[in-house]
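Here is the structure we will look at.
The values are calculated or read from the model by the stated rules, or taken from the named source; none is laboratory data. Bear in mind the structure is a predicted one, so any value in this text is a computation, not a measurement. Because the Cβ atoms are built from the backbone with ideal geometry, glycine has one as well, and the counts that use them run over all protein chains shown.
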Amino acid sequence: MTHQQRIVVAGLMIIAANVSFSQESGWTVALKSSYFQNQSAVTPRITSVKRPFSIGVQLRYNVLHDFAVQYSIESLNGKRKGNDGDELSIHNSLSALIYPANRRKISPYFISGVKWIQLNRNVDEQSKNEFSFQMGFGYDIPIIDKLVSNVEVKMYSDGFNYLGWSSSFHLGFR
């Protein structure tokens, strides 16, 4: 991760930590970690990193009782499979969430949106951007008063091919 990218991620975390969220505001801020798995026979791939775990920040706003929008940014950095150098990717996603069931203790939801990956590989010294569509499902699980966790499973497509899937865990404040 470059110094500039570290500053951006740290800045987002500081801004998110300093914002005071209340139950009535509709905002949720969370730390996020994801695991990515590629569809083996398809190129392009979500990532080529050997251990594809990412960490990032997520902001969610509940527009209505059963509808929310979510933005997340994650950093994935590591050695590429086959010892083919290093890879750094910044994953940005913008999603809509629909809660089909009455939101009580554990709230299931459907999630769909777009993902934009800024990919840097030190092998070819090139940067590129990749876009994909994402869809999946998740659960909001309240822990205590304003502390909430989420789990999500999402699938990715470039519009023509199934690219792979991810599972995520989020821990944040409302």
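Computed values, structure above
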quantity: Any hit, region 70-77, residues being closer than 18 Å to ILE117 by Cα, touching a Gly at 6+ places or on another chain (Cβ under 7 Å) and at pLDDT below 85; calculated: no
quantity: Residues located in region 136-170, provided they are closer than 13 Å to ARG60 by Cβ and not hydroxyl-bearing (Ser, Thr, Tyr); calculated: GLY138, ASP140, VAL148, ASN150, GLU152, HIS170
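Table: residues versus (1) at pLDDT below 80; (2) in a strand (DSSP E or B); (3) exposed (fewer than 13 other Cβ atoms within 10 Å of the Cβ); (4) within 12 Å of the chain's Cα centre (by Cα).
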{"site": "TRP116", "(1), (2), (3), (4)": "no, yes, no, yes"}
{"site": "ASN120", "(1), (2), (3), (4)": "yes, yes, no, no"}
{"site": "SER127", "(1), (2), (3), (4)": "yes, yes, yes, no"}
{"site": "PHE133", "(1), (2), (3), (4)": "no, yes, no, no"}
{"site": "ASN150", "(1), (2), (3), (4)": "no, yes, no, yes"}
{"site": "GLY159", "(1), (2), (3), (4)": "no, no, yes, no"}
{"site": "LEU163", "(1), (2), (3), (4)": "no, yes, no, no"}
{"site": "SER166", "(1), (2), (3), (4)": "no, yes, no, yes"}
{"site": "GLY172", "(1), (2), (3), (4)": "no, yes, no, no"}
